[in-house]
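Notes follow the structure.
The values are calculated or read from the model by the stated rules, or taken from the named source; none is laboratory data. Model, not experiment: these values are computed from the prediction. Don't worry about glycine lacking a Cβ; one is built from the backbone with ideal geometry, like all the others, and counts go over all protein chains shown. Surface areas here come from the heavy atoms of the whole protein model, side chains and all, with no ligands, DNA or RNA. Shrake-Rupley method; radii C 1.70, N 1.55, O 1.52, S 1.80 Å.
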Amino acid sequence: MEFDVPSEHRMIRDSVREFCENEIEPIAQEIEEEHRFPAAVFDELGELDVMGVPISEEWGGLGGDTLMYALVAEELGRVSGSIGLSYVAHTSLGAKPIELFGTDAQKERWLTPLAAGEQLGGWALTEPGSGSDASDMDTTAERDGDEYVLNGTKQFITNASVAGSVLVKAVTDPETGYDGISTFIVAPEDDGWEVTTEWDKMGLNASPTCELLFDDCRIPADRLLGEEGDGWAQTLKTLNGGRISIAALSTGLAQGAFEAAKSYATEREQFDRPISKFDAVRDKIVEMDRKIERARLLTHKAATMYDQGEDVTRMSSLAKLDASEICREVAEDAVQVLGGYGYTTDFAPQRFYRDAKLMEIGEGTSEIQRMVLGRELGL
Ligand SMILES: Cc1cc2nc3c(=O)[nH]c(=O)nc-3n(C[C@H](O)[C@H](O)[C@H](O)COP(=O)(O)OP(=O)(O)OC[C@H]3O[C@@H](n4cnc5c(N)ncnc54)[C@H](O)[C@@H]3O)c2cc1C
């Protein structure tokens, strides 16, 4: 059993870490306060060749594996939850399904610009009336000659306002339940849909979260991804990968909060000594380290199993549940370690704390992860 990541992976991780520290960390709080999507950062990530890490080189990706992708997601999370969230939504939700389920023509047209970082991807499953019970959707796609006509509303869609393509789930056959859902590639130039809301959120405000309205949106029939009725099976597979993304991102957020707390605790003095010398503060930092190590191990195990083609339903859910919960706990303790300064926007822990909360909600809430895990245990 190998616990260290391979040297090629370490090289990518180190170059992304350097980029993050030099280019992202200095603007992380500013873009959050300005609610500004940092398009230039994504252009530079494209130049670094990491916008398509788990996409094969044939389609312009880096040809890496899920473990390598998880390392990149963790590094981004360590400095900016917003950039990390837009990155993982682009990669595992917007791009990877086209590689897994698309035709060669679709990959050429839609995947290549995503993998090269020329465009961002998005993925629209959630609706105002269906979140955890995602298959109970109202959006429809009706075949009309050589077109499909989409109608409905999608909610909380990451990147939709800045994306070059969005994968939209819609009902093509209302009589057949799970087997009546299909996936369509929709582009900004298609008539009949618009972003109706960009949400203000408690965190992650440099990552756009959008409501989309489809009103007789006509798209060519060749935008169907896979076959009619494949949409739900594709969703389950996509979410298995997506949960590894959120686990990696959560581990990164926790790592960022931990580092801020540790460095502050060794410098800040009260009662004539660094506060790290007080048992209560030291124990908090030791607990942070313990929790992060555990979350990272689970995440790397899930990623490795995914790469080996194993069923990761249980492991990706375990990793997502554990990493998202420890991420919120670690960030909360980091705010506490910084005392009053931790409550100010001059220091990063408050941002990690606000960003961390989403990790327990997106791509299946903690309650839903426990449901999945209970089912896996036969309960
Ligand atoms: C910032 C952000 C980005 C997002 N990005 C995307 C995206 O790119 N694409 C996309 O499709 N969606 C996205 N989402 C949506 C996200 O996946 C959903 O918000 C999430 O799945 C929960 O759905 P909901 O908000 O409708 O909550 P609900 O499903 O209404 O849940 C409300 C509460 O009830 C609980 N609950 C529901 N059912 C059960 C049950 N059976 N047992 C126990 N408890 C239950 C939930 O755990 C939760 O606590 C995003 C959301 C946010 C906030």
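For the chain, with a Gaussian network of springs between Cα atoms less than 10 Å apart, report the residue from Arg294, Arg328, Arg268 with the top mean-square fluctuation.
Maximum fluctuation in the GNM of the chain, among the listed residues, is at Arg268.
So for the range 273-379, what are the equivalent ellipsoid semi-axes in whole Å, largest first, each being the square root of 5 times an eigenvalue of the Cα gyration tensor? Mind dumping the intermediate values first?
On the way: eigenvalues 195, 46, 27 Å².
Here the semi-axes work out to 31, 15, 12 Å.
Take every Cα pair under 8 Å in the range 282-379 that's 6+ residues apart, average their separations, divide by the length, and report that relative contact order as a whole percent. Kindly include the intermediate steps, with their values, before the conclusion.
On the way: 76 pairs, mean separation 26.6, N = 98.
Relative contact order, the range 282-379: 27 percent.
If I take every Cα pair under 8 Å that is 6 or more residues apart in the range 122-231, average their sequence separation and divide by the length, what percent do I get for the relative contact order?
Values: 262 pairs, mean separation 34.5, N = 110.
Computed over the range 122-231, the figure is 31 percent.
Express the relative contact order of the chain as a whole percentage, based on alpha carbon pairs under 8 Å and six or more residues apart in sequence. Could you put the intermediate results ahead of the total?
Details: 743 pairs, mean separation 62.0, N = 379.
Rounded, it is 16 percent for the chain.
What does the C-alpha gyration tensor say about the overall shape of the range 201-357? Classify as rounded when a/c is under 1.5, otherwise prolate if a/b is larger than b/c, or oblate. Walk me through the numbers on the way to the answer.
Numbers: a/c = 4.59, a/b = 1.92, b/c = 2.39.
Taking the square roots of the gyration eigenvalues as a ≥ b ≥ c, the range 201-357 is oblate.
Say we join alpha carbon atoms closer than 10 Å with springs in a Gaussian network model of the chain; which of Ala89, Ala356, Ala221 then has the biggest fluctuation?
Ranking Ala89, Ala356, Ala221 by mean-square fluctuation puts Ala221 first.
With springs only between Cα atoms under 10 Å apart, run a GNM on the chain and tell me which of Met68, Met51, Met11 wobbles the most.
Greatest mean-square fluctuation among the candidates belongs to Met11.
Roughly to the nearest percent, how much of the accessible area of the range 223-350 is carbon and sulfur, given a 1.4 Å probe? Present the calculation step by step, with values, prior to reporting the outcome.
Working: 2800 of 5740 Å².
Here carbon and sulfur together make up 49 percent of the probe-accessible area.
Take the solvent-accessible surface of the protein heavy atoms, probe 1.4 Å, and return the percent of it on the range 7-120 that carbon and sulfur atoms account for. Numbers along the way, then the final one.
Details: 1910 of 4270 Å².
Carbon plus sulfur share of accessible area: 45 percent.
7 Å from Cα along Cα→Cβ at both Ser56 and Lys237: what's the point-to-point distance in nm?
Inter-label distance under the simple model: 1.3 nm.
For the chain, what size does the Cα cloud have along each of its three principal axes, sorted from largest down, in whole Å?
79, 46, 39
Rolling a 1.4 Å sphere over the protein heavy atoms, what is the accessible area per residue of the range 33-144, to the nearest Å²? Working shown, then result.
On the way: 3930 Å² over 112 residues.
Averaged over the residues of the range 33-144, the accessible area is 35 Å².
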